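We did not get these values from a lab; they are worked out from the coordinates using the rules stated. Since this is a predicted model, take the numbers as computed values, not measurements. Neighbour counts run over all protein chains shown; Cβ positions are idealised from the backbone, glycine included.
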Amino acid sequence: MNTNEDQDLTLQVQNLLAEAIQVPLELVTPDLAFGDLPQWDSLGHMEVMLKLEEQYGVAIDADRIARLISIPEICRFLQEDHHGN
Amino acid sequence: METKPDLVLLQIEPRTPIPDFMLREIQSKLAYADEHIRAASVSPEGIQLQVEPGTSQPELIEKVQRIVESLAYGAIKPKVQILEDYMDRPVPSRLDPMPELIRMGEVSPESAGVFAFGPLVVRLMEFFESQFLALADSFQAAPYRFPTMIPASYLGRVNYFRAFPHSLTFATHLRSDLDVIDEFSQHAACEEGELQSPSKSFAAVKNLLSPAVCYHLYFALADKPLPQGQVIATAVGHCFRYEANNLASLERLWDFTMREVIFVGSKDFVLENRETARQRMRQTFERIGLAYRVESANDPFFIGEFRKQAAFQSAFQLKFEISARLPYKESTLAVGSYNYHQDFFGRNLNITLPDGSPAHTGCAAFGLERMAFAFLAQFGLDTSQWPAEVRQAVA
């Protein structure tokens, strides 16, 4: 995957996250992690997981919930595990 | 499920398939579906209810389906982690101690989930309390004493109403109005255990009966920096969690006693102390010879919150329950838990560490009645069969 695609995916995940935890996009930085914003708390995190499930068809299990705790981790997962690239 | 003669048996095929790991959770939640349900059983074959005659079945069935759908649809399988397993420790009893405890006057049922206790059970509870106090002392935990009631505003601030509305117990009083008080004093009466009085006689609810001990400490520490950046405290108190028709025996009480050792500080501080508490209690339970395991668990969130909250707790291994063996029914009973709340209370209550970040919290919590009950289920009522340490303490 080239750099432009990386950036596109990061932006997609930023948008998804902003929508899931209901914050303005400008607060969602590319390296944002669980707990960095008060809205990305336990319930917020589960909203993010459910959105990932809905938009990318990803099956969410306990291991993934514990692992996907930052935007870079989510992007890495979507690239490697989901897209199989 | 044995049907009582005055009840109607209802068989329901769930619209949403129920995964095996959700059977128990759904069965316990069905107690809140409708007041006319007297008992529920959920198995892979379907749902069986015992309901009062004359119940509107279509409405009741719809509520049951809603509960099943909410809990079962897209349910995330919990990650099961067993930290300790001593379930195969030999124990001398296989009898349900409850009938004999009632016959001896050691347990007197007052109402559903509300019991009085006699000297043997009280001394046994005091023995376990001494063990939990020893744990608290090993941390030099500061003693606190908290009220039985908790302000509604406190629980509102930590989203308790959303997470556990089904188990709340409200405290109220007559309105401060002479006519209301006069009317009540002249006409109040109990019929079939229910106080007959117009609901408008009662004041607005500003307090509830407390569902947990540690919440009081977090509110005592709220909106200021944490002293010395960390706190270890201990307290015992009555807790109240309404469990509808799940209230049974001493396994599920509405009014119970909980001893907690509470940790507030950095993430590492809380997690290390929670782990130390578990290791120390492992030695205590080994000395006593208790058959139990410590396994990951989740809190009994209500249906709207369950899927997300329970999955989060499971994924991050926030709660480990001490499940004691009940040999007479080949089942287990949660007698305590080791909990980590991350920075949930620190954030919501503005408890800050010296660097300004929200404090993390956790606790080791033990139910005294359940502890005593599980011991009696394993060791029986013949004290000569008890471990010497317990026998001597209770004698």
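What percentages make up the Cα-Cα pair-distance distribution of segment B:128-197 when the bins are 10 Å wide from 0?
Histogramming segment B:128-197 at 10 Å steps yields 14, 23, 26, 23, 12, 2 percent.
For segment A:3-82, give the magnitude of the charge dipole about the Cα centre (Cβ charges: +1 Lys/Arg, -1 Asp/Glu; no others), in debye to the nearest 20.
120
Please work out whether segment B:8-72 counts as rounded, prolate or oblate from its C-alpha gyration tensor, where a ≥ b ≥ c are the square roots of the eigenvalues and a/c under 1.5 means rounded, while otherwise a/b larger than b/c means prolate and anything else oblate?
prolate
From the square roots a ≥ b ≥ c of the eigenvalues of the alpha-carbon gyration tensor of chain B, which class results: rounded (a/c under 1.5), prolate (a/b over b/c), or oblate?
rounded
Which of the helices in chain B, when you take each full DSSP H run, stretch at least 15 Å along the axis at their Cα atoms and have an average Kyte-Doolittle score of -1.0 or higher?
Going by DSSP H runs, the hits are B:57-72, B:119-138, B:303-315, B:368-379.
Taking N as the number of residues in chain A, what is its Cα Rg relative to 2.2 N^0.38 Å?
The value comes to 0.99.
Counting only residues 5 or more places away or on other chains, whose amide H sits under 5 Å from the amide H of B:THR352 once H atoms are built in the peptide plane?
Under 5 Å from the amide H of B:THR352: B:LYS224, B:LEU226, B:ALA359.
The protein assembly as shown: D in µm²/s via Stokes-Einstein (Kirkwood Rh, Cα pairs, 25 °C, 0.890 mPa s)?
99
With charges only on Cβ, +1 for K and R and -1 for D and E, what is the dipole size of chain B about its Cα centre, in debye, rounded to 20?
That gives a dipole near 1160 debye.
Is the C-alpha gyration tensor of segment B:89-168 telling us rounded, prolate or oblate? Criteria: a/c under 1.5 is rounded; beyond that, a/b larger than b/c is prolate, otherwise oblate.
Because a/c hits 1.5 or more and a/b fails to exceed b/c, segment B:89-168 counts as oblate.
Per DSSP helix of 4 or more residues, -39500 (n - 2.57); summed, then divided by the residues of chain B. What does that give at 222 nm, rounded to the nearest 500?
-10000 deg cm²/dmol
³J(HN,Hα) across segment B:40-56 via Karplus (A = 6.51, B = -1.76, C = 1.60, θ = phi - 60°), whole Hz, x for Gly/Pro?
Calculated HN-Hα couplings, in order: 9, 9, 10, 9, x, 7, x, 10, 10, 10, 10, 10, 5, x, x, 6, 6 Hz.
Quick one: putting +1 on the C-beta of Lys and Arg, -1 on the C-beta of Asp and Glu, what dipole do you get for the protein assembly as shown around its Cα centre, in Debye to the nearest 20?
1000
Show the residues, 5+ positions off or on another chain, whose built amide H is closer than 5 Å to the amide H of B:GLN342.
The answer is B:THR361.
Which is the longest run of chain B containing none of the GluC sites (Glu not before Pro) found in DSSP loop states (not H, G, I, E, B) with at most 15 other C-beta atoms within 10 Å?
B:46-191
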